[in-house]
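Colleague: Questions regarding the structure given below will be posed in turn.
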Amino acid sequence: MDMPTVIGVVRSPDQAAASLQLAIHRDLNGFDGHFDGTPIVPGVLQIYWALQFANIYLRPVSPLDISNLEAIKFQHLMTPGIEVRLELEVVNAKLHFVFSSTVKRYSSGKIAISQ
């Protein structure tokens with residue numbers, strides 16, 4: 001699965017949090033079928049990206065480690081050709097994520113992970 005391009009990363013000293021600046025390119029295969037003429041990033045893909053970037057920048061998280069999805073909200077449509085900030089933080093065995101820009105919040109939620 002294609003991933004957005006990482007433009008920049010800032011991690012906390014304890015490696016429990018990271019802030020990533022991402023470029024959402026028009027040619028990502030995640031747009032296939034979502035939707036012709038008006039592509040959007042599917043919600044499941046946003047959750048997948050949060051998990052994948054947590055694997056890279058925070059700690060290993062396998063889909064098999066997920067025990068629950070909590071407070072998942074999709075506030076605005078994420079479209080190709082934009083830059084977004086992804087905030088990741090692990091708190092009490094939960095991966096918190098927020099996709100946002102300077103003007104809107106696209107999505108947020110918590111992914112409970114087994115220890």
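Colleague: Describe numerically, in nm with one decimal, the distance between label points set 7 Å from Cα along Cα→Cβ at residue 26 and at residue 10.
Modeller: Here the answer is 3.1 nm between the modelled labels.
Colleague: Considering all alpha-carbon pairs of region 50-115, what whole percent are spaced by more than 19 angstrom?
Modeller: Pairs farther apart than 19 Å: 32 percent.
Colleague: While we're here: Counting pairs of Cα atoms in the chain, how many percent are more than 26 Å apart?
Modeller: The share of Cα pairs beyond 26 Å in the chain comes to 14 percent.
Colleague: With all protein chains present, how much of the accessible area of region 24-88 (probe radius 1.4 Å) comes from carbon and sulfur, to the nearest whole percent?
Modeller: Details: 2050 of 3700 Å².
The C+S portion of the solvent-accessible surface of region 24-88 is 55 percent.
Colleague: Relative contact order for the chain using alpha-carbon pairs under 8 Å, separation at least 6, rounded to a whole percent? Spell out each step's value before the answer.
Modeller: On the way: 217 pairs, mean separation 30.6, N = 115.
It rounds to 27 percent for the chain.
Colleague: Assuming 0.36 nm per residue, please report the length gained on full extension of the stretch residue 112 to residue 44 beyond their Cα-Cα distance. All intermediate terms of the calculation are to be shown ahead of the outcome.
Modeller: Numbers: separation 68, 0.36 × 68 = 24.48 nm, distance 1.56 nm.
Gain on extension, residue 112 to residue 44, equals 22.9 nm.
Colleague: Another question, if that's okay. Give me the three principal axis extents of region 1-67 from the C-alpha atoms, as integers in angstrom, largest value leading.
Modeller: 43, 29, 14
Colleague: Another question about this same structure. Please give the per residue accessible area of the chain, computed with a probe of 1.4 Å over protein heavy atoms only, in Å².
Modeller: Result: 55 Å² per residue.
Colleague: Compute the long axis of helix 43-57 from its Cα atoms, compare it with the longest principal axis of the Cα atoms of the chain, and write down the angle in degrees, 0 to 90, nearest 10.
Modeller: Long axis of 43-57 versus the principal axis of the chain: about 50 degrees.
Colleague: In nm, what is the difference between 0.36 nm times the number of residues separating residue 104 and residue 71 and their Cα-Cα distance?
Modeller: 10.1 nm
The values are calculated or read from the model by the stated rules, or taken from the named source; none is laboratory data. Computed from a prediction, not measured in an experiment: that's the story for all the values here. Because the Cβ atoms are built from the backbone with ideal geometry, glycine has one as well, and the counts that use them run over all protein chains shown. Accessible surface is based on the protein model in full, side chains and every heavy atom, while ligands, DNA and RNA are left aside. Shrake-Rupley method; radii C 1.70, N 1.55, O 1.52, S 1.80 Å.
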